[in-house]
Amino acid sequence: MGHHHAARSHGGALAGLASWYGPGFQGHKTASGERFNTETLTAAHRSLPLGCRVLVTNEANGRSVVVRINDRGPFGSGKVIDLSHASARAIGMGGSAPVRLSRL
């Protein structure tokens with residue numbers, strides 16, 4: 001694993017709580033200029049580059065999904081990432097879940 005950006009175990013914003021954002025955002029413009037679609041595997045993150053892909057692992061059940069960052073957030077919620085509904089469903093997440101992020 002010669003990644004120069006391998007996830008630090010519990011430093012930075014690569015581990016923490018994920019939330020998901022859904023119906024109220026359907027069709028809204030995201031920070032990347034795309035329209036938000038709750039059924040695509042995308043997510044919002046405060047600092048990762050738009051368009052980069054991230055492996056999100058639900059630490060509660062070990063399930064993971066690869067999402068594309070296309071929006072900014074979550075803001076002021078104590079969460080590290082906001083998943084689309086499809087992304088949240090893919091890892092069996094309810095309202096929120098402890099997750100680990102690895103940039104691909």
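The values are calculated or read from the model by the stated rules, or taken from the named source; none is laboratory data. Computed from a predicted structure; not experimentally measured. Here the Cβ is made from the backbone with ideal geometry for all residues, glycine too, and neighbour counts use every protein chain on show.
Details
- Of the residues screened, Ala90 is one that is surrounded by 18 or more Cβ atoms within 10 Å (Cβ to Cβ), modelled with pLDDT of 95 or more, small (Gly, Ala, Ser) and over 11 Å from the mean Cα position of the chain (by Cα).
- Per-region count, the range 65-78, residues buried (at least 21 other Cβ atoms within 10 Å of the Cβ) and in contact (Cβ under 8 Å) with a residue 40 or more places away in the chain: 3
- Candidates are the residues of the range 55-64 that are surrounded by fewer than 20 Cβ atoms within 10 Å (Cβ to Cβ) and among the hydrophobic types (A, V, I, L, M, F, W, C); the one that is nearest to Ala86 (Cα to Cα) is Leu55.
- Residues that are touching a residue at least 12 places away in the same chain (Cβ under 8 Å) and in a loop (DSSP other than H, G, I, E, B) within the range 11-32 comprise Ala13, Leu14, Tyr21, Gly22, Gln26, Thr30, Ala31, Ser32, listed in sequence order.
- Looking across the range 15-40, the residues that are under 16 Å from Gly94 (Cα atoms) and either among the acidic types (Asp, Glu) or in contact with a strand residue (DSSP E or B) (Cβ under 8 Å, 6 or more places away or on another chain) (or both) come down to Gly16, Leu17, Ala18, Ser19, Trp20, Tyr21, Glu39.
- Among (1) modelled with pLDDT of 95 or more; (2) buried (at least 19 other Cβ atoms within 10 Å of the Cβ); (3) more than 14 Å from the chain's Cα centre (by Cα); (4) not polar (S, T, N, Q) - the single one Ile81 does not satisfy: (3)
- Test: residue in the range 33-47 that is surrounded by fewer than 14 Cβ atoms within 10 Å (Cβ to Cβ), modelled with pLDDT under 90 and in a strand (DSSP E or B): yes
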